[in-house]
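Participant: Supplied in structure tokens, the structure appears directly below.
The values are calculated or read from the model by the stated rules, or taken from the named source; none is laboratory data. Computed from a prediction, not measured in an experiment: that's the story for all the values here. When we count neighbours, we look across all protein chains shown, and the Cβ atoms used for this are built from the backbone with ideal geometry, even at glycine. Ligands, DNA and RNA are excluded from the accessible area calculation, which covers all protein heavy atoms including side chains. Shrake-Rupley method; radii C 1.70, N 1.55, O 1.52, S 1.80 Å.
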Amino acid sequence: MNRRSLGFRLVVWFASVLTAVYLFVAAAMFLELGRYLKTNFGDALRRRADEVGEILATAGAPIDEAAISNEIRSRLLPESNNRFVRVSRSDGTVVYRSGPPVDRSFDPDAVAATDAAKSAQSKSVRQFLTPGGTSMLVVARSVTATSGSYDIEVGASLEQIQLVLNYVLILLIVAVPVLVGVSTSGGYFLIKRALKSVDHIAKTAEQISHHNLSERLPVAKTGDELERLSISVNRMIGRLDEAIQTTRRFLADASHELRTPLTVIKGELEEVAGSKNLSEELRERTGSVLEEVERLTHIVEGLLAVARLDAGEAQREWLRFDLAELVATTADQMKLLAEDQRITLVCNTGSRVDVEGDHVRLKQVIVNLLDNAIKYTPEGGSIHLSVRAQDRAVLEIVDTGIGIPKDELAHVFERFFRVDKARSRNVEGTGLGLAIVKSICTAHGAEIETESTIGRGSCFRIKFPLAATVDSR
Ligand code: ADP
């Protein structure tokens, strides 16, 4: 688990706050329950004390201690109710004292006299521990009857209340962690769900590149930070799109404008080179300038092609055609060029493989790849072309040429990238051939893969969508 992630931190915060709240509620509940039970218990004891007071008040003077004892015993049943009852005169002599309770929860002899009973207060409650270790609650009150003043003490062991409180405490000790666990898991799933939309935005943003800058992120109308984030990112993509379009237009316009003067220079130079009264040295110089102009023209043509492809021009002439046939005829046209270099060109195309796209542009792909294969394959080598239909139309051009170093393989489709020129037999080239191939493939929804081994050869494999499955445009 990533401890620095937003999700993790939120869950930790959530769990900490919940634990604090649950602990506070549990402690308050426990204390309040204890207080309530003791107050209730005290009230019940007070009522019993009042009853004893009534018995004393209604007894004549002088009192018959045996009759009073019997009356208290029969009305309050202190032993079987596990109560302690003691009636004493103001001089301390005991008139009546209950016996040991049935549950043996306390020893009546061990219950000390309640001071409050002797004080001016008429009623008092006292909680204490007997020498036997029993926690007791004793209510004391003083009454004045015709036969004199008496102190009445009614009490009971707090054992039952203690048992209930212990039980509730165990319940809370178990319940709090369970509640925290359940709530945190719930919170974790809710947070994960909420962050899913952020993930979705990130994934969609990841898929947007300079090829599909017209696409936008989905904007959920939630009126929150996520909506604002999607809108801001969309605006940023819009600005990027505009900037890239401007650059593309500039590239297309510049290369287009350069074509005419280059053609004029080339024509003029050819005329100069053809002039009879030109010295040998000047003819040589003009020839080399012409070569450079030729190279420059190639670069400008390449740039124009790339700029037009970026502008989506390849999609104008969208037709359905047989790729196998296109490969076979193109290979046939380039066979002579290969034979000039003593390279065997083998074309392996079987039945029809229909694709949809720009026929002229796709021919350019085959020409560029074949041209490279011929350029970078030494004499006596061979080139194999094949087209087959699998889940997609697969075009493969395999040569036995010089190969491409592994770390350069990823860059060969970049504009103006050329692997170390010194290694190639024929250094003609602009570094734009494969960039054009890549742009055309992207425009056709095709994928291009390369495999190469230095000194053994290269394989360029393009996978086009089959005509039946291609998107209708
Ligand atoms: P260039 O005009 O230099 O051929 P490309 O874009 O067509 O430009 O190719 C880029 C680089 O990839 C070339 O400079 C070349 O070194 C390398 N390359 C392309 N195709 C092959 C191949 N079939 N065999 C070996 N190297 C190749």
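Participant: Is it the case that residue 48 is in contact with a Lys or Arg (Cβ under 9 Å, 6 or more places away or on another chain), part of a helix (DSSP H, G or I), within 24 Å of residue 159 (Cβ to Cβ) and open to solvent by 50 Å² or more (accessible area, probe 1.4 Å)? Even if it seems obvious, please write down each step before you answer.
Facilitator: Details: in contact with a Lys or Arg (Cβ under 9 Å, 6 or more places away or on another chain): yes; part of a helix (DSSP H, G or I): yes; within 24 Å of residue 159 (Cβ to Cβ): yes; open to solvent by 50 Å² or more (accessible area, probe 1.4 Å): yes.
Yes: the conditions hold for residue 48.
Participant: To continue, here is another question. Quick check: anything in region 446-455 β-branched (Val, Ile, Thr), more than 8 Å from the ligand (Cβ to nearest atom), under 34 Å from the mean Cα position of the chain (by Cα) and modelled with pLDDT under 90?
Facilitator: No, region 446-455 contains no residue that is β-branched (Val, Ile, Thr), more than 8 Å from the ligand (Cβ to nearest atom), under 34 Å from the mean Cα position of the chain (by Cα) and modelled with pLDDT under 90.
Participant: Quick one: which strands (runs of 3 or more DSSP E) sit completely within region 118-185 and have at least 3 residues that are among the small types (Gly, Ala, Ser)?
Facilitator: Values: elements: 123-129, 135-145, 148-157.
So the answer is 135-145, 148-157.
Participant: Now a separate question. Could you say which residue among 135, 147, 209 is farther than 20 Å from residue 56 by Cα and either touching a residue at least 24 places away in the same chain (Cβ under 8 Å) or touching a Leu at 6+ places or on another chain (Cβ under 7 Å) (or both)? Even if it seems obvious, please write down each step before you answer.
Facilitator: Details: 147 fails: farther than 20 Å from residue 56 by Cα; 209 fails: either touching a residue at least 24 places away in the same chain (Cβ under 8 Å) or touching a Leu at 6+ places or on another chain (Cβ under 7 Å) (or both).
On inspection, the qualifying residue turns out to be 135.
Participant: Next question. Looking only at residues in region 376-391 that are in contact with a Ser or Thr (Cβ under 7 Å, 6 or more places away or on another chain) and modelled with pLDDT under 95, which one is nearest to the ligand (Cβ to nearest atom)?
Facilitator: Among them, the one singled out is 376.
Participant: Taking region 255-265 on its own, how many of its residues are within 60 Å of the chain's Cα centre (by Cα) and touching a residue at least 24 places away in the same chain (Cβ under 8 Å)? Talk me through it step by step, then tell me what you get.
Facilitator: Taking region 255-265 first, the residues within 60 Å of the chain's Cα centre (by Cα) are 255-263.
Narrowing the set further to residues that are touching a residue at least 24 places away in the same chain (Cβ under 8 Å) leaves 255-256, 258-259, 262-263.
Residues flagged as within 60 Å of the chain's Cα centre (by Cα) and touching a residue at least 24 places away in the same chain (Cβ under 8 Å) within region 255-265 amount to 6.
Participant: Within region 371-390, can you find the residues that are within 13 Å of residue 437 (Cα to Cα) and over 46 Å from the mean Cα position of the chain (by Cα)? Let's see the steps before the verdict.
Facilitator: Filtering region 371-390 for residues within 13 Å of residue 437 (Cα to Cα) gives 371-372.
The answer is 371, and nothing else.
Participant: Looking at region 450-462, which of the residues that are β-branched (Val, Ile, Thr) and in a strand (DSSP E or B) is surrounded by the fewest Cβ atoms within 10 Å (Cβ to Cβ)? So that I can check it myself, show each step before the final result.
Facilitator: Applying the first criterion (β-branched (Val, Ile, Thr)) to region 450-462 yields 450, 453-454, 462.
Narrowing further to those that are in a strand (DSSP E or B): 450, 453, 462.
Numbers: 450: 14, 453: 12, 462: 24.
For region 450-462, the residue satisfying everything is 453.
Participant: So, residue 431, is that one within 11 Å of the ligand (Cβ to nearest atom) and in contact with a Phe, Trp or Tyr (Cβ under 7 Å, 6 or more places away or on another chain) or not? It would help to see each step written out before you state the result.
Facilitator: Working: within 11 Å of the ligand (Cβ to nearest atom): yes; in contact with a Phe, Trp or Tyr (Cβ under 7 Å, 6 or more places away or on another chain): yes.
Here the answer is yes, as residue 431 does meet what is asked.
Participant: When only residues in region 343-357 that are open to solvent by less than 10 Å² (accessible area, probe 1.4 Å) and closer than 29 Å to residue 311 by Cβ count, which is farthest from the chain's Cα centre (by Cα)? Talk me through it step by step, then tell me what you get.
Facilitator: Going through region 343-357, the residues open to solvent by less than 10 Å² (accessible area, probe 1.4 Å) turn out to be 343, 353, 355, 357.
Cutting the leftovers down to closer than 29 Å to residue 311 by Cβ gives us 353, 355, 357.
Numbers: 353: 43, 355: 39, 357: 39 Å.
The extreme case among them is 353.
Participant: Consider residue 243 carefully, then state whether it is among the aliphatic types (A, V, I, L, M) and either in a strand (DSSP E or B) or not assigned by TED's automatic domain parsing to the domain that holds residue 375 (or both). Write out each step before concluding.
Facilitator: On the way: among the aliphatic types (A, V, I, L, M): yes; either in a strand (DSSP E or B) or not assigned by TED's automatic domain parsing to the domain that holds residue 375 (or both): yes.
Taking the combined requirement at face value, the residue satisfies it.
Participant: Taking region 68-95 as the region of interest, how many residues are open to solvent by 20 Å² or more (accessible area, probe 1.4 Å) and either hydroxyl-bearing (Ser, Thr, Tyr) or on the phi > 0 side of the Ramachandran plot (or both)? Don't jump to the end; show me each part of the working.
Facilitator: Initially, region 68-95 is screened for residues open to solvent by 20 Å² or more (accessible area, probe 1.4 Å), giving 70-71, 73-75, 77, 79-83, 86, 89-94.
Keeping just the survivors that are either hydroxyl-bearing (Ser, Thr, Tyr) or on the phi > 0 side of the Ramachandran plot (or both) gives 74, 77, 80, 82, 90, 92-93.
Number satisfying all stated conditions: 7.
Participant: State whether the residues of region 187-197 include one that is closer than 25 Å to residue 6 by Cβ, part of a helix (DSSP H, G or I) and in contact with a Lys or Arg (Cβ under 9 Å, 6 or more places away or on another chain).
Facilitator: No: region 187-197 contains no residue that is closer than 25 Å to residue 6 by Cβ, part of a helix (DSSP H, G or I) and in contact with a Lys or Arg (Cβ under 9 Å, 6 or more places away or on another chain).
Participant: Tell me which residues, restricted to region 215-233, are not small (Gly, Ala, Ser) and not in a loop (DSSP other than H, G, I, E, B).
Facilitator: Filtering region 215-233 down to residues not small (Gly, Ala, Ser) leaves 215-219, 221-222, 224-229, 231, 233.
Once the filter is applied, which keeps residues that are not small (Gly, Ala, Ser) and not in a loop (DSSP other than H, G, I, E, B), region 215-233 yields 225, 226, 227, 228, 229, 231, 233.
Participant: Let me ask another. Which of the following residues is surrounded by 18 or more Cβ atoms within 10 Å (Cβ to Cβ), out of contact with any Asp or Glu (no Cβ under 7 Å at 6 or more places or on another chain) and not assigned by TED's automatic domain parsing to the domain that holds residue 302: 396, 408, 447?
Facilitator: On the way: 408 fails: surrounded by 18 or more Cβ atoms within 10 Å (Cβ to Cβ); 447 fails: surrounded by 18 or more Cβ atoms within 10 Å (Cβ to Cβ).
Step by step, each of 396, 408, 447 is checked, and only 396 is surrounded by 18 or more Cβ atoms within 10 Å (Cβ to Cβ), out of contact with any Asp or Glu (no Cβ under 7 Å at 6 or more places or on another chain) and not assigned by TED's automatic domain parsing to the domain that holds residue 302.
Participant: Same structure again: Residues that are in contact (Cβ under 8 Å) with a residue 12 or more places away in the chain and not charged (D, E, K, R): does region 277-286 have at least one? Outline the logic, then answer.
Facilitator: Keep residues of region 277-286 that are in contact (Cβ under 8 Å) with a residue 12 or more places away in the chain, which gives 286.
Among the residues that remain, those that are also not charged (D, E, K, R) are: 286.
Scanning region 277-286 turns up at least one residue that is in contact (Cβ under 8 Å) with a residue 12 or more places away in the chain and not charged (D, E, K, R).
Participant: Considering only region 302-314, I want to know if a residue exists there that is within 22 Å of residue 438 (Cβ to Cβ), open to solvent by 50 Å² or more (accessible area, probe 1.4 Å) and touching a Lys or Arg at 6+ places or on another chain (Cβ under 7 Å). Walk me through how you get there before you give the answer.
Facilitator: Just the residues of region 302-314 that are within 22 Å of residue 438 (Cβ to Cβ), to begin with: 302-314.
Restricting the remaining residues to those that are open to solvent by 50 Å² or more (accessible area, probe 1.4 Å) gives 308, 311.
Applying the additional criterion that residues be touching a Lys or Arg at 6+ places or on another chain (Cβ under 7 Å) yields 311.
Checked against the condition, which is being within 22 Å of residue 438 (Cβ to Cβ), open to solvent by 50 Å² or more (accessible area, probe 1.4 Å) and touching a Lys or Arg at 6+ places or on another chain (Cβ under 7 Å), region 302-314 yields at least one hit.
Participant: Determine the pairs where a residue that is among the β-branched types (Val, Ile, Thr), located within region 1-13, has a partner that is assigned to a loop (DSSP other than H, G, I, E, B) with Cβ atoms under 9 Å apart, the partner being 6 or more residues away or on another chain.
Facilitator: 12/3
Participant: For the structure I just gave you, tell me whether residue 222 is exposed (fewer than 13 other Cβ atoms within 10 Å of the Cβ) and closer than 30 Å to residue 57 by Cβ. Give the derivation first.
Facilitator: Numbers: exposed (fewer than 13 other Cβ atoms within 10 Å of the Cβ): yes; closer than 30 Å to residue 57 by Cβ: no.
Answer is no for this residue.
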